[in-house]
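The values are calculated or read from the model by the stated rules, or taken from the named source; none is laboratory data. Because the structure is predicted, anything quoted here is derived from the model rather than measured. FYI the Cβ positions are ideal-geometry reconstructions off the backbone, even for glycines, and counts take in every protein chain you see. These accessible areas exclude ligands, DNA and RNA; they are computed on the full protein's heavy atoms, side chains included. Shrake-Rupley method; radii C 1.70, N 1.55, O 1.52, S 1.80 Å.
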Amino acid sequence: MNPLIERANDALQTLASQVDLNFYPHIHLAPPAGWMNDPNGLIFYNGQYHAFYQHHPYDENWGPMHWGHATSRDMLSWQHQPIALAPGDAWDKDGCFSGCAVEEDGILSLIYTGHVWLKGEGDDSAIHEVQCLATSQDGVHFEKQGVVLTPPEGIMHFRDPKVWFEEGCWWMVVGARDAQDHGQVLLYRGSSLRQWQFIQVLARADDRMGYMWECPDFFSLGHERILMFSPQGLMAKGYNNRNLFQSGILRGQWQPGADFIPSQPFTELDHGHDFYAPQSLLTADGRRVIIGWMDMWKSSMPTKADNWCGCLSLPRELSLDPQGQLLMQPIREVEALRLPGQSIAPMALAQQQQLLNEHCRCLELQVDWDIAASDAEKYGLHLGETQGTGGRASVYVDNQASRLILERHYPQHGLTGYRSVPLPESGILSLRVFIDSSSLEVFINDGLACMSSRIYPAEHERCLSLFAENGQAQLLRGQLWPLMTR
């Protein structure tokens, strides 16, 4: 085994023995110990799903990036594998940054960004980034093949390749930052995974769309082409772009040899506090699924005190409804995790709380509200103490603002504030909520919107209740399932 990988695995094993599992997830992928950020190399290969990820195995902080690795049959129950990539060669001595995975003739290939600091660690004013290749015969142990693509003249920030095969050749999109500090996505065509030709700037930012476009992905969905990316430098505007960095899509049309023609403006994919750098894969049966990093740069990360940091979102299937609206829903495999549940009878809530679960650690909740018949100023669900004091997370309708709010209040961790989406116009608000040890994901009206946030309740703050304030709220139906944990 590569001595750098062997050393990293030994350090990871030692650190894993010191991990506190209080906030460790049950149905989400997290590192055994140490730091995790972007998902990389999502692929179905040799009968299993593979997820790689940006990883620092030596401690809980961001550091020289390795590639962690896990495998799964269902994208929910993951088995950790040995670290796949470690920095140390001339082209990646300061980090094996984000990338992707493809299969060719039974060989699993990783295409990743090799990163080198030219002035000192963390100094982005002088870096060198190239695209690199590593291959594996068994899907576990990888051999580096070196640099396969260098940046165009005048481009320094050049990272996060995503590769696919179409119409007889390989294609690659790469995120970039031009000399005018505008983000862009560059398109390449390859006769092999080692030989690449620049084709065009696929899309570029104007003055309002950010200085760097990270983690691009480009795929078909229905009769459309989706460009998914994570722009850095968007200014907050009203309820939108409230996080440090955002992730979203441009929808449009593209064919090889033609320009990408967007048909709609940039749209955020997830409106919660914690979602970044999503990457997609095709499942064994042809569904387009995305997974994101469920954290946010510069946000407080309390699990660092537990010797681990970082978590990936639930896998979400993307689809288009008959009206052409984009839907993002949890993969159907999650239903196999349901344990015997309970129905929640229709009720009219008024100035009261209805306790659903006294110790919520891992569950799925579905509730339908009649918003047309509800006049309470606020109503929804609350995770916290039954007295309503202390740390809490809430998902509720603000009738005065006509918005659905996801609010968290953990001032001891420096995590307060809310995110929101508009209420649906249908008159019915259908919520599908997943709560894990330290996360809350809300899917709204069959996936028309989504909000994901990390939460950090103390043990006595895990009571789940429905509530209504200053008026009445009409609950049409509900269902709650504890979920099978590992």
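Per DSSP H run of at least 4 residues, take -39500 (n - 2.57); add these up for the chain, divide by its residues and hand me the 222 nm value, nearest 500 deg cm²/dmol.
-1000 deg cm²/dmol
Tell me the per residue accessible area of region 48-189 using a 1.4 Å probe; a whole number in Å² is fine.
Per residue, region 48-189 has 36 Å² of solvent-accessible surface.
Each peptide in 276-289, 445-458, 25-38, 350-363 was scored by the mean count of other Cβ atoms within 10 Å over its residues; highest first, the order is 25-38, 445-458, 276-289, 350-363.
Quick one: helix 3-16 against the long Cα principal axis of the chain, what's the angle to the nearest 10°, folded into 0 to 90? It works out to around 20 degrees.
From Cα pairs below 8 angstrom and at least 6 apart in sequence, can you work out the relative contact order of region 362-486, rounded to a whole percent?
Relative contact order for region 362-486 comes out at 40 percent.
Counting charges near residue 257 (Lys, Arg +1; Asp, Glu -1) among other residues having Cβ under 15 Å from its Cβ returns a value of -1. Accessible surface for region 313-381, divided over its residues, is 46 Å² per residue with a 1.4 Å probe.
The distance separating the Cα centre of region 119-195 from that of region 226-278 comes to 20 Å. When you restrict to C-alpha pairs under 8 Å that are six or more residues apart and normalise by the size of the chain, the relative contact order lands at 13 percent. Taken over the chain, lysine pairs spaced eight or more positions apart, or on distinct chains, with alpha carbons under 20 Å apart number 4. For the listed peptides 314-325, 399-410, a ranking on the average number of other beta carbons within 10 Å per residue, highest first, reads 399-410, 314-325. Accessible surface of the chain, 1.4 Å probe: 47 percent of it comes from carbon and sulfur atoms.
For region 128-269, the relative contact order works out to 15 percent when only alpha carbon pairs closer than 8 Å and six or more residues apart are counted.
What the Cβ-Cβ distance of residue 48 and residue 166 gives, at R0 = 30 Å and to the nearest 0.05, is a FRET efficiency of 0.80.
Can you sort 268, 6 by 1.4 Å-probe accessible area, starting with the largest?
Output order, biggest surface exposure first: 6, 268.
Entry comment: accessible area of region 198-268 is 48 Å² per residue, from protein heavy atoms only and a probe of 1.4 Å.
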